[in-house]
C-alpha cells in the first residue's frame, strides 16, 4: 500500500518550481527532474509523470494557481480512482 504522505511530498517537491499559474500539463514538464519520465513511487504505487497525466486527465482540471492546489487535486483524484 502506498504511503499517501510520502507521495504528497514527492509531488510537492517535483512540482513546486513550476511557473504558476499552470494552465496545462505541459506547463509542469520543465519543473520535473526527469521530465515526463519522472517516477513517483511508494509501496506498490509507481507511476511516471506521463502515466499520471494519462490516468488523471479526466479528473484534473487546469488551471492551478499554486502547487498545493495541484497536489491536493492529484491526491483526491488518485484516491477516488482507487490508486491509493
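Details
- Counting the residues of the stretch 62-78 that are surrounded by 16 or more Cβ atoms within 10 Å (Cβ to Cβ) and in contact with a helix residue (DSSP H, G or I) (Cβ under 8 Å, 6 or more places away or on another chain) gives 8.
- For the stretch 5-33, residues that are closer than 19 Å to residue 46 by Cα, over 12 Å from the mean Cα position of the chain (by Cα) and surrounded by 13 or more Cβ atoms within 10 Å (Cβ to Cβ) total 1.
- Count of the stretch 1-23 residues which are farther than 16 Å from residue 77 by Cβ and assigned to a loop (DSSP other than H, G, I, E, B): 9
- Residues that are under 16 Å from residue 2 (Cα atoms) and modelled with pLDDT of 95 or more are absent from the stretch 15-23.
- Residue match in the stretch 47-61 (condition: exposed (fewer than 14 other Cβ atoms within 10 Å of the Cβ) and under 18 Å from residue 5 (Cβ atoms)): no
- Given (1) part of a loop (DSSP other than H, G, I, E, B); (2) modelled with pLDDT of 95 or more; (3) closer than 18 Å to residue 75 by Cβ, number of the condition residue 62 does not satisfy: (2)
- Within the stretch 35-59, being over 13 Å from the mean Cα position of the chain (by Cα) and free of Cβ contacts under 8 Å to residues at least 12 places away in the same chain holds for one residue alone: 58.
The values are calculated or read from the model by the stated rules, or taken from the named source; none is laboratory data. No experiment lies behind these values; they were computed from the predicted model shown. Virtual Cβ from ideal backbone geometry, glycine too; neighbours counted across all protein chains shown.
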